[in-house]
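Peer 1: The structure follows.
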C-alpha cells in the first residue's frame, strides 16, 4: 500500500512539474471591466501569451500602440516594450512578491492576477482593469521557438516609471 501511495505521489509531482514546463501559445480575448473599449484606446482587444516554460512573452493587439511584455517566471521584474511618439521605450516594472497562479497552460506571467478561486485572469493596467477569456491554446515544442524569441530586442530605451513620466512631460511641453 505504501508503494502505491508513493507511486501516486511521485506521478502527481511529475505531472505538476510538467505543467510548469509547458511550451506554447494562448490567445485571450480582452473584456474591459467598468469601462468600454471605446473609452480607452490602449486597451488591447486580443492578448497572445507565449511561453517556453521558463520565459514568457505577451503581445497586445488592437490598440493605437501595441505593446510587448517580456519576462521570466519567478524573476523580480518584467519589461514592457512599446513605441510612443517616435520613441522606442523599454519600461522596467517590478513583479509582486506573490506567487503567480498555475493553469493548464503553465504559470501566468507576474503582472496578471486571478480571482479568489484562481480561475479567472485579470490585468490591472494603470487606471483600467480587464479580464482575459481564453480563446485558443496551442502547444509549441521548445525547439520550435527562435532562440532569442523571449529575450529583449535591442534598440529600446530602458526607463522606469519616473523616467517615462519625465519623457511624457517633456513631450507635452514641446507640443505646446
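The values are calculated or read from the model by the stated rules, or taken from the named source; none is laboratory data. Note that this is a predicted model, so its numbers are computed, not measured. Reconstructed Cβ throughout: ideal geometry from the backbone, glycine too, with neighbour counts over all protein chains shown.
Quick grid of which residues meet (1) touching a strand residue (DSSP E or B) at 6+ places or on another chain (Cβ under 8 Å); (2) surrounded by 11 or more Cβ atoms within 10 Å (Cβ to Cβ); (3) farther than 17 Å from residue 76 by Cβ:
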| position | (1), (2), (3) |
| --- | --- |
| 111 | yes, yes, no |
| 121 | yes, yes, yes |
| 130 | yes, yes, yes |
| 141 | no, no, yes |
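Peer 1: Let me ask something else about it. Suppose the filter is in contact (Cβ under 8 Å) with a residue 12 or more places away in the chain, exposed (fewer than 14 other Cβ atoms within 10 Å of the Cβ) and within 15 Å of residue 47 (Cβ to Cβ); does residue 94 pass it?
Peer 2: no
Peer 1: Follow-up. I'm told residue 135 meets every condition in (1) assigned to a loop (DSSP other than H, G, I, E, B); (2) surrounded by fewer than 13 Cβ atoms within 10 Å (Cβ to Cβ) except one. Can you identify the failing condition by its number?
Peer 2: (1)
Peer 1: Also, quick follow-up: Collect the residues in region 12-30 that are out of contact with any helix residue (DSSP H, G or I) (no Cβ under 9 Å at 6 or more places or on another chain) and at pLDDT 80 or above, keeping them in residue-number order.
Peer 2: Of all residues in region 12-30, those out of contact with any helix residue (DSSP H, G or I) (no Cβ under 9 Å at 6 or more places or on another chain) come to 12-20, 22, 24-29.
Once the filter is applied, which keeps residues that are out of contact with any helix residue (DSSP H, G or I) (no Cβ under 9 Å at 6 or more places or on another chain) and at pLDDT 80 or above, region 12-30 yields 22, 24, 25, 26, 27, 28, 29.
Peer 1: Out of curiosity, is residue 48 within 11 Å of the chain's Cα centre (by Cα) and either in contact (Cβ under 8 Å) with a residue 60 or more places away in the chain or assigned to a loop (DSSP other than H, G, I, E, B) (or both)?
Peer 2: Working: within 11 Å of the chain's Cα centre (by Cα): yes; either in contact (Cβ under 8 Å) with a residue 60 or more places away in the chain or assigned to a loop (DSSP other than H, G, I, E, B) (or both): no.
When the stated conditions are applied, residue 48 does not pass them.
Conditions tested, residue by residue: (1) in contact with a helix residue (DSSP H, G or I) (Cβ under 9 Å, 6 or more places away or on another chain); (2) surrounded by 14 or more Cβ atoms within 10 Å (Cβ to Cβ); (3) modelled with pLDDT of 90 or more.
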{"position": "60", "(1), (2), (3)": "no, yes, yes"}
{"position": "63", "(1), (2), (3)": "no, yes, no"}
{"position": "70", "(1), (2), (3)": "no, yes, yes"}
{"position": "80", "(1), (2), (3)": "no, yes, yes"}
{"position": "107", "(1), (2), (3)": "yes, yes, no"}
{"position": "118", "(1), (2), (3)": "no, no, no"}
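Peer 1: Let me ask another. If residue 158 meets every condition in (1) modelled with pLDDT under 85; (2) outside any loop (DSSP other than H, G, I, E, B); (3) surrounded by fewer than 14 Cβ atoms within 10 Å (Cβ to Cβ) apart from one, which number is that one?
Peer 2: (1) is the only condition that residue 158 fails.
Peer 1: Quick check on this structure: which one of 74, 88 is loosely packed, with under 15 Cβ neighbours inside 10 Å, closer than 19 Å to residue 168 by Cβ and touching a strand residue (DSSP E or B) at 6+ places or on another chain (Cβ under 9 Å)?
Peer 2: Values: 74 fails: closer than 19 Å to residue 168 by Cβ.
From the options 74, 88, the qualifying one is 88.
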